[in-house]
1. Would a scan of the stretch A:323-336 turn up a residue that is in contact (Cβ under 8 Å) with a residue 60 or more places away in the chain, open to solvent by less than 50 Å² (accessible area, probe 1.4 Å), touching a strand residue (DSSP E or B) at 6+ places or on another chain (Cβ under 6 Å) and under 19 Å from A:ILE444 (Cβ atoms)?
2. Count, please, the residues in the stretch A:246-272 that happen to be of a type outside the set (A, V, I, L, M, F, W, C) and not in a loop (DSSP other than H, G, I, E, B).
3. Residues of the stretch A:287-322 being open to solvent by 20 Å² or more (accessible area, probe 1.4 Å) and touching a strand residue (DSSP E or B) at 6+ places or on another chain (Cβ under 6 Å), which ones?
4. Using beta carbons and a limit of 9 Å, which pairs, at least six apart or on different chains, have the first residue in the stretch B:188-199 and more than 15 Å from A:ASP403 (Cβ to Cβ) and modelled with pLDDT of 85 or more and the second one open to solvent by less than 90 Å² (accessible area, probe 1.4 Å) and among the acidic types (Asp, Glu)?
5. If I ask for residues that are modelled with pLDDT of 85 or more and open to solvent by less than 60 Å² (accessible area, probe 1.4 Å), which ones from the stretch B:407-429 would you list?
6. Regarding A:ALA134, is this residue free of Cβ contacts under 8 Å to residues at least 60 places away in the same chain, within 14 Å of another protein chain (Cβ to nearest Cβ) and not polar (S, T, N, Q)?
7. Of the residues in the stretch B:292-324, how many are in contact with a helix residue (DSSP H, G or I) (Cβ under 9 Å, 6 or more places away or on another chain), surrounded by fewer than 15 Cβ atoms within 10 Å (Cβ to Cβ) and among the charged types (D, E, K, R)?
Amino acid sequence: MTKIDPDQIKVILATDCGSTTTKAILIQYVDGEYRQTHRGEAPTTVEKPFADVTMGVVNSVTEIGELAGRQLVGDDGRIITPATDTAGCDIYISTSSAGGGLQMMVAGVIAEMTAASAKRAALGAGSIVMDVIAANDGRRPHDQIQRIRDLRPDMILISGGTDGGTADKVVQISELVAPAKPQPRFGSDYSMPIIYAGNKDARDAVSEVFSEGGFDLQIVDNLRPVLERENLGPARDKIHDIFLEHVMAQAPGYDKLMGWTGAPIMPTPGAVGDILQTVARIQDINVVGVDIGGATTDVFSVFDKTFNRTVSANLGMSYSISNVCAEATMPNVLRWVPFDMNERELRNHVKNKMIRPTTIPQTKEALMFEQAVAREALRLAYKQHKEFATTLKGVQQQRTVGDTFSQQTSGQTIVNNMALDLLVASGGVLSHAPRMHQTAMMLIDAFEPEGVTMLAKDSIFMMPHLGVLSSVHAKAAEQVFDRDCLVYLGTSVCAAGQPKPGKLCFKYELTGDKTDSGEITGGEMSLLPLDQGETGTITLSPARGINLGEGPGKKVQRTVHGGTVGLILDGRGRPLALPEDRSSCQSTVQKWLNALEVYVEEAQAVGV
Amino acid sequence: MTRALVLLLALLVSLPSVTRGQVVTLAGPTDVFAEDVPDDIGGQVLVKWSLSSEDHLAADGSRPINGYAIYRKVVPSALALESGAEAAAGPGELGFADDFDYEANQPVGTVPYSVSQFLDENVEPDVAYMYGIAATGPGGTYSPVSSAAAPVIAKMEYINQGKLWFFIIMMIISIVIVYFVFYAKRGGKIKVRPIAGLEAVTEAVGRSTEMGKPVLFVPGILDINDIQTVAGITVLSNVARTAAQYDAELKVPTARSLVMTTARETVEAAYLGEGRPDAYNEDNIYYLTDEQFGYTAGVQGAMVREKPAACFYMGAFYAESLILAETANSIGAIQIAGTAMPSQLPFFVAACDYTLIGEEFFAASAYLSNDPEQLGSLKGQDLGKVIAAFLLILGCLLATLATVVPASKPIRVAELYIKNNVLGEDGLVPNELKIAVLDGELNRLMEADQDAQPAIQEGGN
């Protein structure tokens, strides 16, 4: 791929080849800024009978070309580059999650240390981690070998030991993998790629272990050279390389597609992570993103420039909906529903959704139930994310006598809802909710943001495209992300602490494009109008023990941005607690839903 | 000759109060009364009397009475039972004879002048004693022995009424402990605050495994009879289990041979429990020396040579604490310390990654084992601490209020009750005598106030 001057890029074509749909967007330089102008989609054609992913790409791009009045596909069936005034694009980029995306197995010596780092590297590169093998995972060697044999990963990442640290244990782990002879998913002539990113002193021994048996061993720098520092970059880059060279090369049509793209094809989740990191870096903010799908829920976070991604494999809205109900328990799901529901009917509804994933709710009650399930799926996924996104374990601490009564272990979560600036939602149940208010309410209930947080949703799931674009043109990616990718729902102002019901929680005074003032009591929610593009300055005076960002009881002043929903004031306190009693819970939830106009009919909402 | 004999006889007759070289010239004490001390095991008798009429300073500054001698004799129990009847008629045959030999009979005790009671702590239970008191003066002068009104029998009481509050509090704590033990056994959840130092054990051992370095465990410098060493061995068991799971090398240098033996057995059991008897190496648990600094030097040498990635200090430590902690810090080891030695805690806190402080160290066993009996016991003890803290705060509050509002009877009585009944030995019922004294004091205060009132009014006018 030739190096492209970012300043010369005016027309960008990007596709995301999903398992079922290939989505294409066109980004153009309009009036001094990059904007997403058109989008199109077509069924993915990676499976038989087509067995050529480029067919779906061409179909989706052709749709865009027709909409934009611009010829993007040439007579030879290829995407036209570079752009002219009426045809082609300057750069074509793509992501892919077709065929289940990138599936990996990782191994390390200690589950919470090098194995956790390996998992972070794999997840950060956009893969699904099928299993983590570690010396202390509680399984006997024969069980571990059987598990490795049963899995069919696209590649394996082995780490372990600091540089100069243990070599024996790393070799032992390698000796579990080698005899298991795991078979790759694609291609019988495909050598299983093994990435070794462990103790450099053990490289020779590990190489010897994998010298036979048809493995393709790739050695990169240790991802934990010392326990105090992670070095995930080389392992992530190698995962991307192997994804392109081995995994993609085996998938039908990808060899052709790779010849078209102006930047390496990236796994879809990896690209989403990249755009969130880019935005967090450029705007100097903390971001959490979520993509809730049918089978899995991906959570991405960037706190203090540290990126983390988790995939909750069994939390989703169709294939995994039964698991969500089982894990969260039905009473926890139903607490979000403000009326009685027949549990038997609900179970039928859940199973129906599982076996017919494309079913959409037909009644308001069904919609409310589905969104209740979504709240629990998101809550559980975020909980898993918090447990995974931690500081490094096994690190030496520096203490003073002042720490006598406040000692904390390492490995504390770095997810801090009070420091969260932007919460981005994507995925069917969030993106396609009938009202934006429903999306906002689901986000607030599930993620429990604290203080002042901007809420947004990725309306057409454009983040993967922008993620790969950020690798070639960060400015364009950031501009499109800000202007076209995100639909801003508004700003939430949420009190942390336990306000007393009916007593003052905080006072507010809004100035700017809209002015208002008043009080929020404990357990109350309120919605103030603040439209898209409007901003204001809000001054908050919390009651004693209530924190809105500056500490308990301390006054806060923030700039707030409007959105399609408005400014949401939440006096329910954190952690969010719903009444135990069912009828009391129903009336409380109904009160909140009414306050935020969550299920108000559109006709009423616009005052028609 | 005859006249001389008559004169000698007359002289002898005229000296009836001089018996066997002792001069009985002083006035004796009166109202002698002996009583059994209540709420004891029957080993004490309290004797009281009214002072002799001569127990005061004479005009020339001298004292006719130096003190009092307390005499005791055993009387038959049967006679003692009749003493009530005899008391009215005088001591009779139970009392002390007029020709009492003061020198042949050693007193059971003496007290100086102006003291009117004596506690005899050397009596046998269920034996009847008759007490007699004689005033003693300078030059071997005595008063006649004043006998007690009645004999006394010291009785053993099965319940010490004075410590009933102690008993009640103990019962509450015991019941709570038993309740929580059963509660935990039934599957109830007992929350124990996360203790960072114990949570970090897996982390420290994991670090050793990743770095390919040993784990060093120092169980203190005292012998196995010290409770801190025992607590340290409990933690060692957990560390050894984790080391077996993580396949880390564990080294335990000891300063006492018995500690070494105990540590070996503990570690071996832990490895066996984890199914890794092959990984247990007896030679890794070794004895260095009993000498404090010889041991310290030995451990330091091991640290510098082998550079362990994790060091545990669990037990009793003295001056070697900072030497060890600083040395391990210089080699980059994670350090976890636990001790109940207050003087060493600041050093450990400053130099180590994690420190178990006093109670945390002793709670480690319950925390690590998750054993319902230990957890229930821990919870019950916590309640005991809460009760103690509550009484402490209440006592301080009442004492402060009693000083600020001295005329308030309820506050004064409550303070008195906390001090003398709950924390003291007055039993459940408030001591009437002390209440009467308090009433008197309060009356005086009120009178003083009333006297002061007109003066203030006058002054105000």
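1. no
2. Number of matching residues: 10.
3. Correct list: A:ASP291, A:THR296, A:VAL311.
4. Close Cβ pairs satisfying both conditions: B:LEU198/B:GLU360.
5. Result: B:SER408, B:ILE411, B:ARG412, B:VAL413, B:ALA414, B:GLU415, B:LEU416, B:TYR417, B:ILE418, B:ASN420, B:ASN421, B:VAL422.
6. The answer is yes for A:ALA134.
7. Residues that pass the stated criteria total 0.
The rows are residues; the columns are (1) part of a helix (DSSP H, G or I); (2) farther than 22 Å from A:MET454 by Cβ; (3) in contact with a Gly (Cβ under 8 Å, 6 or more places away or on another chain); (4) β-branched (Val, Ile, Thr).
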| position | (1), (2), (3), (4) |
| --- | --- |
| A:CYS505 | no, no, yes, no |
| A:GLY533 | no, no, yes, no |
| A:GLU550 | no, no, no, no |
| A:GLN557 | no, no, no, no |
| A:SER583 | yes, yes, no, no |
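The values are calculated or read from the model by the stated rules, or taken from the named source; none is laboratory data. As the structure is a computational prediction, the values presented were derived from the model and not from experiment. We place every Cβ from the backbone using ideal geometry, glycine too, and count neighbours over all the protein chains shown. Just the protein is used for accessible areas: all its heavy atoms, side chains included, with ligands, DNA and RNA removed. Shrake-Rupley method; radii C 1.70, N 1.55, O 1.52, S 1.80 Å.
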